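No lab work stands behind these numbers, since they all come straight from the coordinates. This one's a predicted model, so the numbers in the text were calculated from it and none came from an experiment. Because the Cβ atoms are built from the backbone with ideal geometry, glycine has one as well, and the counts that use them run over all protein chains shown.
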Amino acid sequence: MTSFLNTIRNRRSIYSLGRNTTLTEEEITELIKEAVKQSPSAFNAQEPRVITLFGDAHEKLWEITEQALEPLTPAEAFGNTKQKLAGFKAALGTAMFFNDVDTTKQLQEQFTLYADNFPAWAEQSNGIATANTWTTLAEAGIGANLQHYNPVIDEAVAKEWEVPTNWRLRSQLVFGSPEAPASAKDFLADNYRFQVFK
């Protein structure tokens, strides 16, 4: 077993997160930047964009999310939703992942033979960058979980942080100190997922 595979094994969804990290905000920001920069993308397009939030900005994101979800959630269920969002707010920070849609459009125009594939490839690149960031943070002792409140919060997020109009929000990686272990993870039997031919 390689050390990389062991690191992947340790990357789990941690929902009980706090702010008791030994790394500074600047060190965490550098880890996120380097993980994204070193992630592959089709045609080296580098579509993923990231806005990292700490402190008041991080808390503001989850207040925005609560305000956006309240009118869309049945009253009897909103208490659970609010509690879940409070857990995200209690974490140290959030990295919001975006795709630069202008880059994708330019590639579609430049390489028309592959035009239909570029949006999917952009999503794959974003997923790789997100997973690499998540794994990098896990290796540094920082827990995280991945959320997808887009497109419900897109407009408010764009307004609050003056997000460029060509950046499309894809996910929110909440991170902080692990305050409780991840729950057990079950796996499908290998024969359902893998095939080998010779």
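Given R₀ = 30 Å, what would the calculated FRET efficiency be for L188 paired with V152, taking r from the Cβ atoms and rounding to 0.05? Show your work: numbers first, answer last.
Working: r = 30 Å, r/R0 = 1.02.
Taking R0 as 30 Å, the efficiency between L188 and V152 is 0.50.
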Karplus 3J(HN,Hα) series, Hz, for the stretch 128-141 with 6.51 cos²θ - 1.76 cosθ + 1.60 (x for Gly, Pro): 5, 4, 5, 5, 5, 5, 4, 5, 4, 5, 4, 5, 8, x
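Please give the length that would be gained between V101 and E70 if that part of the chain were fully extended, namely 0.36 nm times their separation in residues minus their C-alpha to C-alpha distance (nm, one decimal).
Values: separation 31, 0.36 × 31 = 11.16 nm, distance 2.94 nm.
Residue separation times 0.36 nm, minus the Cα-Cα distance, leaves 8.2 nm.
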In nm, to one decimal, how far is the T112 label point from the L5 one, both placed 7 Å along Cα→Cβ? 4.7
Cut-off 16 Å (backbone N to label point 7 Å along Cα→Cβ of R19), residues of the stretch 50-73: 53-63
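Determine the sum of side-chain charges near Q67: Lys and Arg each +1, Asp and Glu each -1, restricted to other residues whose C-beta is under 14 angstrom from that of Q67.
Numbers: positive: K60, K82, K89, K159; negative: E59, E63, E66, E70, D154, E155, E160.
Net of charged neighbours comes to -3.
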Can you give me the distance in nm between label points at Q83 and K37, each placed 7 Å from the Cα along the Cα-to-Cβ direction? 4.3
